[in-house]
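The values are calculated or read from the model by the stated rules, or taken from the named source; none is laboratory data. Please read all numbers here as calculations on a predicted model, not as lab measurements. Counting neighbours? That spans all protein chains shown, and the Cβs are built from the backbone with ideal geometry, glycine included. When the accessible area is computed, the model is the full protein with side chains, heavy atoms only, and any ligands, DNA or RNA have been set aside. Shrake-Rupley method; radii C 1.70, N 1.55, O 1.52, S 1.80 Å.
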Amino acid sequence: MDTHLYSSDVAFTPTVKAIQASKGSRKGYAGMEERGSWQTRITPDLAGFIEAQISVFLGTANAEGQPYIQHRGGPPGFLRVLDETTIGLADFTGNRQYITQGNLTDNPKAFLFLIDYANRQRVKLWGEAKMVEDKDLIARLMPPDYKARPEQALIFTVTAWDMNCPQHIPQRFDAADVAAALAKRDERIAALEAELAALRG
């Protein structure tokens, strides 16, 4: 049963709030809570951000509270927004340690961390997750023409989410995007050189 007064209480425990008070940030966050706190539904803008990502970090913890982070990746769209509180992805076969699945079996609490280095944006999503072995759902979530073998589906139900400021996020670009930009530049250089040669001739 959810006993949180505010959606941000999923992260702002009484201990966290006491530390915020001692360090001077509690007043600002209390104001944020009174204005409605963090969002609990996936907005169209957030859905677009999620489905554009090629990488995500999934945090879980076992029954003893030991945390674990797993990386998941794929082409844009490998993360699928199923409705305004649910995200799904095909879980591809990997090293077969099954730590994440074991953790979720004992403790469904989970966390998604998405970071877009090119646009210097990050999103944190708190919620619960489960692994589902449903062939139809897996087929629906599988990216078209992607060379990977899906083993199961991961379904993440959002409790709350927050988008951070871009401070301290280094700007990095995907290799394919850089290659495309360089190819376009090279084409333009070749066209200009041809035009210059024609003028000289």
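Odds and ends about this structure:
- Phi to ³J(HN,Hα) by Karplus 6.51 cos²θ - 1.76 cosθ + 1.60 over segment 99-112, Hz, x for Gly, Pro: 5, 4, 5, x, 4, 5, 5, 8, 8, x, 4, 8, 8, 10
- Loop-located GluC sites (Glu not before Pro) in segment 1-93 (DSSP state not H, G, I, E or B) with no more than 11 neighbouring Cβ atoms inside 10 Å: GLU64.
- Between ILE189 and ASN119, the contour length at 0.36 nm per residue exceeds the Cα-Cα span by 22.5 nm.
- Estimated distance in nm for a label pair at ILE19 and GLU51, the labels positioned 7 Å out from Cα along Cα-to-Cβ: 3.7
- Nearest-0.05 FRET efficiency for ARG172 and VAL132, computed from C-beta distance (R0 30 Å): 0.35
- Helical mean residue ellipticity (222 nm; -39500 (n - 2.57) per DSSP H run of 4+; nearest 500) of the chain: -10500 deg cm²/dmol
- Segment ARG35-GLN66, length gained on full extension (0.36 nm per residue, minus Cα span): 7.8 nm
- Normalised by 2.2 N^0.38 Å, with N the number of residues, the alpha-carbon radius of gyration of segment 118-201 equals 1.91.
- Shape of segment 31-71, Cα gyration tensor, a/c cut at 1.5: oblate
- Highest average packing first - 178-188, 148-158, Cβ atoms within 10 Å: 148-158, 178-188
- Per residue solvent-accessible surface (Å²) - segment 57-201, probe of 1.4 Å: 62
- Potential lengthening between GLU84 and ALA198 on full extension [0.36 nm per residue; Cα-Cα distance subtracted]: 35.2 nm
- If you take all other residues with their beta carbon under 9 Å from the beta carbon of ILE138, and give Lys and Arg +1 and Asp and Glu -1, the sum is -3.
- Taking amide H atoms as placed 1.01 Å from N in the peptide plane, the amide H of GLN121 lies under 5 Å from those of ASP116, each 5 or more residues away in sequence or on another chain.
- Here the chain is assigned +1 on the Cβ of each Lys and Arg and -1 on the Cβ of each Asp and Glu. Its dipole about the Cα centre then comes out at about 560 debye.
- Compared with the dominant principal axis of the Cα atoms in the chain, helix 14-23 is inclined by about 70°.
- 3J(HN,Hα) along segment 129-135, derived from phi through the Karplus expression 6.51 cos²θ - 1.76 cosθ + 1.60 where θ = phi - 60°, amounts to 9, 8, 8, 10, 9, 10, 4 Hz, with x in place of Gly and Pro.
- Surface share of carbon and sulfur [accessible, 1.4 angstrom probe, percent] for the chain: 53
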